[in-house]
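Asker: Below you will find the structure I want to go over with you.
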Amino acid sequence: MTNEMQASSTPVSGNQPTQAPPQAPEAMFEYGYRKKSYAPDELITDAHGNPITVSDTMLTAIEASKRVTAVPHLCFYEPRIPGNTGSAIRLCAVTGSILHLIEPLGFDLKDTKLRRAGLDYHDMAHVVIHPSFEAMVEAMPDSRIIAFTAHATKTYTEVQYQPNDILLFGPEPGGIPDPMDVFFGPHVAEQVKLPMRPSLRSLNLTNTASIALYEAWRQLDFAGAGESEEL
């Protein structure tokens with residue numbers, strides 16, 4: 001038997017370290033590499049290396065009141081789940097809407113889940129932060145507020161929408177603590193709901209907002225679709 005054959009037939013000692021299997025590369029998706037987790041302050045970029053952020057396109061309440069849009073605005077009352085707000089930012093980007101957020105928020109605007117859900121649409125949408133619902137009402141005096149709530153009797157298709165309307169949605173899950181205080185208050189012009197099977201609880205917040213906003217945009221003949229806006 002040759003030395004080579006003896007070496008190959010010698011059993012490996014149990015104390016000898018084994019090599020770890022090679023790690024699989026991160027799965028790639030539409031706008032770059034999807035990581036499993038992000039540090040709280042880690043910069044997230046799109047496929048071109050551009051940072052994904054919200055702050056660059058924030059509007060003041062005064063700026064929002066003066067901006068003309070072809071589609072109603074969205075308003076999330078005290079949102080709690082960052083991914084839903086990130087998806088709403090993407091929704092507003094593709095429709096030309098403005099997203100109003102009523103404090104307190106259940107997350108930081110730097111939250112990685114929010115930025116990831118919005119992908120690289122953050123610089124194509126406008127976001128406004130209001131310290132309270134009353135502050136938003138005061139800042140947007142010419143806007144009609146339409147509240148979406150399961151307590152309404154009218155469906156969302158029974159309303160004739162206008163471009164300066166504000167579509168108001170409560171936080172997830174479970175809506176606001178007392179819907180009568182805000183959703184049926186004097187500043188709300190309409191209360192509407194989306195029909196659904198009685199045995200089920202609710203739709204996802206941003207799914208509901210998408211259905212509502214596209215119905216409003218449909219009524220307005222999809223004005224502005226195909227046009228680019230200079231932010």
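Computed from the coordinates by the stated procedures, all read-outs in this text should not be read as laboratory data. Remember, predicted model here, so these are calculated numbers, not experimental data. Reconstructed Cβ throughout: ideal geometry from the backbone, glycine too, with neighbour counts over all protein chains shown.
Asker: Can you sort 187, 151 so the residue with the fewest Cβ neighbours within 10 Å comes first?
Answerer: On the way: 187 17, 151 12.
So the ranking, lowest neighbour count to highest, is 151, 187.
Asker: In addition: Report the charge-dipole magnitude of region 68-220 in Debye, nearest 20, computed about the Cα centre from +1 at each Lys and Arg Cβ and -1 at each Asp and Glu Cβ. If you can, show how the numbers build up before the last one.
Answerer: Numbers: 12 positive and 16 negative charges, 129 e Å.
So the dipole magnitude of region 68-220 works out to roughly 620 debye.
Asker: Please rank 100, 126, fewest neighbouring Cβ atoms within 10 Å first, as an exposure proxy.
Answerer: Working: 100 27, 126 23.
Sorted ascending by nearby Cβ count, the order is 126, 100.
Asker: A further question follows. By its C-alpha gyration tensor, with a ≥ b ≥ c as the square roots of the eigenvalues, how is region 68-220 shaped: rounded for a/c under 1.5, else prolate for a/b larger than b/c, else oblate? Walk me through the intermediate numbers first.
Answerer: Details: a/c = 1.28, a/b = 1.20, b/c = 1.07.
Rounded shape, in that the Cα axes give a/c under 1.5.
Asker: Another question, if that's okay. In sequence order, what are the phi-derived ³J(HN,Hα) couplings for region 84-98 according to the Karplus relation 6.51 cos²θ - 1.76 cosθ + 1.60 with θ = phi - 60°, rounded to whole Hz, with x for glycine and proline?
Answerer: 5, 5, x, 5, 5, 4, 5, 4, 5, 5, 7, 9, x, 7, 10
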